[in-house]
Amino acid sequence: MAPLCLRENIGVIPYFSLASGFLAGKYRSEADLANSARGNFVKKYLNERGYKILSASTKWPGLTARRNPSSHRLAPRQPSVTAPIASATNLNQLQALLSAADLKLDPASLEKLNQASTYAAGAASSH
């Protein structure tokens, strides 16, 4: 939907822009879900596509190694996203989310994220 929103100048305010913490790297297996209130929401991301997105969001050749952004800073940076709704459970998470406003992705890095997150032709896109 992102290309349509950009073309029609429609702002997007995603509710789960970090996929309930999955894109922050908190959940990498079903064992990680056991003690989490968000476990039921995150389970649907533990698949090939989810791991592909998570892997791509930790490799950003277009950014300097000094910045080394984590995926929870990158997730809300899509051009179609007007303002993501994000939550933090501690000050470190809040600071990381706030620093995302200063992050600039080059077109090549943004394209790598888009390629990783694109659904395969004919695949269901349930969220």
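Order these peptides, 92-98, 41-47, by their mean beta-carbon neighbour count within 10 angstrom, highest first.
Those peptides, ordered most packed to least, come out 41-47, 92-98.
Working out 0.36 nm times the residue gap between A83 and R7, then minus their Cα-Cα distance, what length gain in nm do you get to one decimal?
The A83-R7 span can extend by a further 25.6 nm.
From Cα pairs below 8 angstrom and at least 6 apart in sequence, can you work out the relative contact order of the stretch 7-58, rounded to a whole percent?
Over the stretch 7-58, the number comes to 31 percent.
Apply 1/(1 + (r/R0)^6) to the Cβ-Cβ distance of N92 and S29, taking R0 = 25 Å, and write down the FRET efficiency to the nearest 0.05.
The pair N92/S29 has a calculated efficiency of 0.60.
Per-residue HN-Hα couplings for the stretch 3-13, Karplus 6.51 cos²θ - 1.76 cosθ + 1.60 at θ = phi - 60°, whole Hz, x for Gly and Pro?
With the stated coefficients, the stretch 3-13 comes to x, 4, 4, 5, 4, 8, 6, 9, x, 10, 10 Hz.
Could the peptides 1-7, 14-20, 82-88 be put in order, highest first, of the mean number of other beta-carbon atoms found within 10 Å of their residues?
Most protected by this proxy first, the peptides run 14-20, 82-88, 1-7.
The numbers here are math on the coordinates, done by the rules we state, and not lab data. Only a predicted model underlies this, so the values are computations on that prediction, with no experimental measurement involved. Counting neighbours? That spans all protein chains shown, and the Cβs are built from the backbone with ideal geometry, glycine included.
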